[in-house]
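Let me begin by presenting the structure, written as structure tokens, before commenting on it.
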Amino acid sequence: MQKLSAPLKNSSAAFITKISDCLTLGAKAELDLSPKPGLVDRSDSGSHEDLSYAGMLLSVSLLPRYYHELAQAALSGADVAELRSAGLAAEKRMYEICGSNAHKGYIFLSGLVLLASLRGDDLRREIKEISEGFFTSALPESNGETARRKYGTGGITGECLNGLPSVFDSALPAMEKEYAGSGCTERTRFAGLAALMRTVEDTTAMHRCGREGLEIIRSDGHMLLELLKSDSHIPWLAERNEYYKSIRLTMGGAADLLAISCALMLFNGSVSEFR
């Protein structure tokens with residue numbers, strides 16, 4: 001089997017702890033941002049009847065163990081199958097403890113970013129190369145993968161194979177610009193969410209509401225961007241959350257990529273914390 005983890009440029013215990021902490025805090029930063037249409041946050045569970053803020057918080061607390069296991073597998077020269085096994089074990093543990101796969105998508109994405117960071121400093125290039133190895137064989141069946149095939153969209157597969165353009169070309173520039181201007185980490189996250197809503201081919205949304213669901217999210221991303229300018233976004237987001245719940249629309253892909261964006265801002269030192 002192909003080995004994705006060697007040679008490793010960044011393999012010190014301090015580096016692994018830093019990237020693991022940032023990825024965990026990124027997930028917490030996304031979860032805490034409220035309100036978010038259709039998503040779990042401090043306000044409610046959005047369009048996810050099987051999830052809750054407390055359950056998602058518990059799920060976040062399990063991530064460090066996964067990152068430790070994945071990093072140790074990479075350090076030992078694990079192949080694709082072994083690295084996938086670490087992710088599947090994390091999914092299983094999360095389901096058993098939390099009662100749902102609260103961060104299933106984030107387990108994969110954050111694991112990919114962790115492996116890429118261990119291999120080198122050019123994250124986009126490393127993400128592309130590792131993804132080519134992961135996607136050489138068929139992905140496990142999931143709602144997102146079914147929607148990707150049905151609608152002929154790239155979904156998260158396309159994102160990864162292209163080095164997460166929604167993060168590096170859209171979310172991070174928007175977040176860094178907002179933070180430079182306002183110094184507010186809440187507005188910074190909303191700016192990132194607006195950028196992702198406008199660009200991500202969210203297969204979670206398409207699975208639930210078809211292409212129409214994706215178009216709603218993209219239109220709302222443009223509106224959120226405009227409302228941020230006048231600080232009138234919070235009441236509107238709360239109203240949109242009620243609408244999303246009424247049609248069961250959600251945007252799990254955008255949420256996972258926002259968490260990754262928050263993690264990378266922490267890792268790069270663009271922000272010291274999200275409040």
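Figures for the structure shown
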item: Rounded Å value of the spacing that divides the Cα centres of region 169-233 and region 1-77; result: 21
item: Modelled FRET efficiency - R0 25 Å, F15 with R275, Cβ distances, 0.05 increments; result: 0.45
item: Protection proxy ranking of 51-57, 125-131, 190-196, 266-272 - average other beta-carbon atoms within 10 Å, highest first; result: 190-196, 125-131, 51-57, 266-272
item: Whichever lysines have a C-alpha closer than 22 Å to that of K9, once near sequence neighbours (fewer than 8 apart) are set aside; result: K18, K128
item: Efficiency of FRET from Cβ geometry, D121 and M223, R₀ 51 Å, rounded to 0.05; result: 0.85
item: Inter-label distance for E212 and L75, nm, one decimal - labels placed 7 Å from Cα along Cα-to-Cβ; result: 5.3
item: Förster radius 25 Å - calculated FRET efficiency between S61 and S232, Cβ distance, rounded to 0.05; result: 0.10
item: Gyration tensor verdict on region 149-275 (Cα atoms; rounded if a/c is under 1.5, prolate if a/b is larger than b/c, oblate otherwise); result: oblate
item: Mean separation of Cα contacts under 8 Å, 6 or more apart, over the residue count of the chain: relative contact order %; result: 27
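The numbers here are math on the coordinates, done by the rules we state, and not lab data. Nothing here was measured: the structure is a model prediction, and the numbers come from that model. With ideal geometry, Cβ positions are generated from the backbone for all residues, glycine too; neighbour counts draw on all protein chains shown.
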